[in-house]
1. Can you name every residue in segment 48-69 that is part of a helix (DSSP H, G or I) and either touching a strand residue (DSSP E or B) at 6+ places or on another chain (Cβ under 7 Å) or not assigned by TED's automatic domain parsing to the domain that holds residue 23 (or both)?
2. So how many residues does segment 23-47 have that are within 17 Å of the chain's Cα centre (by Cα), within 17 Å of residue 11 (Cβ to Cβ) and part of a helix (DSSP H, G or I)?
3. Restricting to segment 70-107, count the residues that are outside any helix (DSSP H, G or I) and surrounded by fewer than 17 Cβ atoms within 10 Å (Cβ to Cβ).
4. Run residue 108 past the list (1) modelled with pLDDT under 95; (2) outside the structural domain of residue 14 (by TED's automatic domain parsing); (3) more than 16 Å from the chain's Cα centre (by Cα) and report the number of the one that doesn't hold.
């Protein structure tokens, strides 16, 4: 188990995908994660082992996955960043598919300060557009 409170990009992607699958299907299974992310089942199994050991998920005997409160905090943060960055890029005139792909790449590396500045700029821009 990690003791430095860091989580890698791959783990963030897995948690984000689990949150999306939970919202979409009402449940989370390894096979669905594999299909969603386009990775092999052994890769998912290895990731689930680490996420379980680090306290981000729990898995029952039937293979259904539950995101813990700790995992949900990470998943919500990354998914929120993904959605807001995608919206921001689309507002700049980027196509949705490219915006979403770029958001997925940036969501892990962008600082909180820069992300907050983008969100604040977006809010100001929306207010300005509404007044016009």
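The values are calculated or read from the model by the stated rules, or taken from the named source; none is laboratory data. Just so it is clear, the model here is predicted, and its values are computed rather than measured. Ideal geometry is used to build each Cβ from the backbone, glycine not excepted, and the neighbour counts take in all protein chains shown.
1. Filtering segment 48-69 for residues part of a helix (DSSP H, G or I) gives 48-53, 69.
Within segment 48-69, 48, 51, 52 qualify.
2. Going through segment 23-47 one residue at a time, the tally reaches 7.
3. Of the residues in segment 70-107, the ones outside any helix (DSSP H, G or I) are 92-95, 107.
Still in the list and also surrounded by fewer than 17 Cβ atoms within 10 Å (Cβ to Cβ): 92-95.
Looking only at that region, the number is 4.
4. (3)
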